[in-house]
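Engineer: Here it is, the structure, as structure tokens.
The values are calculated or read from the model by the stated rules, or taken from the named source; none is laboratory data. Please read all numbers here as calculations on a predicted model, not as lab measurements. Neighbour counts are summed over all protein chains in view; Cβ atoms, including those assigned to glycine, are modelled from backbone coordinates with ideal geometry.
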């Protein structure tokens, strides 16, 4: 089978998102390239989750365009994992197999890919357990394994470790590192500054729905260029 055409870079061209006459995001123009792990930071209400949903295609911009400039079929080569995993009332294994079935993967290949994803996530022994009885950390690993099984080129993660204990956070970050090493583009939001420094190669910093900075992570944390970013890193409240 021919490998899917690359879909990156992803470009936002003068994108805005407006609800009830209020502009919640933009006007923003920027590009998300391949390879680097991109972490989106900003205070509550900055527009982090909106950016992910616009990029993933869950919502359409009110103005402007979101363009996959690589020319590939973005619908089949991207995936998203939410802060609270949406799991079916089925077994752990069946949750992954169902996602693969929706993508048109044959039964034999579905079983092989699903078991491979569970092994990668350390969930093999839980394959027949009901997915909804797993711990929070296990459920998030299952959601990540399900996304991984789809073989995406880009994976959007919205606060993937929120409310998890330190051990579960380490497990999720290890999986993210593995995805990155395998060539999957990571774009994620987090409120955890330490996590952003550990996981991120590039930082996109938002404030009040505006793109304030897009810069390498080491530069952002050492020498932020905006007063808003400096205040955010210092732990000061932003309004």
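Engineer: Would you confirm whether or not the stretch 222-230 contains a residue that is under 28 Å from residue 23 (Cβ atoms), out of contact with any strand residue (DSSP E or B) (no Cβ under 9 Å at 6 or more places or on another chain), free of Cβ contacts under 8 Å to residues at least 12 places away in the same chain and in a helix (DSSP H, G or I)?
Structural biologist: Of the stretch 222-230, the ones under 28 Å from residue 23 (Cβ atoms) are 224-230.
Pick out the ones that are also out of contact with any strand residue (DSSP E or B) (no Cβ under 9 Å at 6 or more places or on another chain) and you get 227, 230.
Imposing the further condition that a residue be free of Cβ contacts under 8 Å to residues at least 12 places away in the same chain reduces the set to 227, 230.
Among the residues that remain, those that are also in a helix (DSSP H, G or I) are: 227, 230.
Yes, there is a match, as at least one residue in the stretch 222-230 is under 28 Å from residue 23 (Cβ atoms), out of contact with any strand residue (DSSP E or B) (no Cβ under 9 Å at 6 or more places or on another chain), free of Cβ contacts under 8 Å to residues at least 12 places away in the same chain and in a helix (DSSP H, G or I).
Engineer: Which of (1) within 21 Å of residue 198 (Cα to Cα); (2) not in a helix (DSSP H, G or I) is the odd one out, the single condition residue 176 does not satisfy?
Structural biologist: Residue 176 satisfies every listed condition except (2).
Engineer: Spot the failing condition for residue 162; the list is (1) in contact with a strand residue (DSSP E or B) (Cβ under 7 Å, 6 or more places away or on another chain); (2) surrounded by fewer than 20 Cβ atoms within 10 Å (Cβ to Cβ); (3) under 30 Å from residue 101 (Cβ atoms), and only one is missed.
Structural biologist: (1)
Engineer: With respect to residue 52, determine if the residue is modelled with pLDDT of 95 or more, outside any strand (DSSP E or B), crowded, with 17+ Cβ neighbours inside 10 Å and touching a strand residue (DSSP E or B) at 6+ places or on another chain (Cβ under 6 Å). Quick ask: steps written out before the conclusion?
Structural biologist: Numbers: modelled with pLDDT of 95 or more: yes; outside any strand (DSSP E or B): yes; crowded, with 17+ Cβ neighbours inside 10 Å: yes; touching a strand residue (DSSP E or B) at 6+ places or on another chain (Cβ under 6 Å): yes.
Judged against the criteria, residue 52 is a match.
Results for (1) exposed (fewer than 15 other Cβ atoms within 10 Å of the Cβ); (2) more than 17 Å from residue 179 (Cα to Cα), shown as yes or no for each residue.
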{"position": "80", "(1), (2)": "no, no"}
{"position": "97", "(1), (2)": "no, yes"}
{"position": "106", "(1), (2)": "yes, yes"}
{"position": "115", "(1), (2)": "no, no"}
{"position": "118", "(1), (2)": "no, no"}
{"position": "135", "(1), (2)": "yes, yes"}
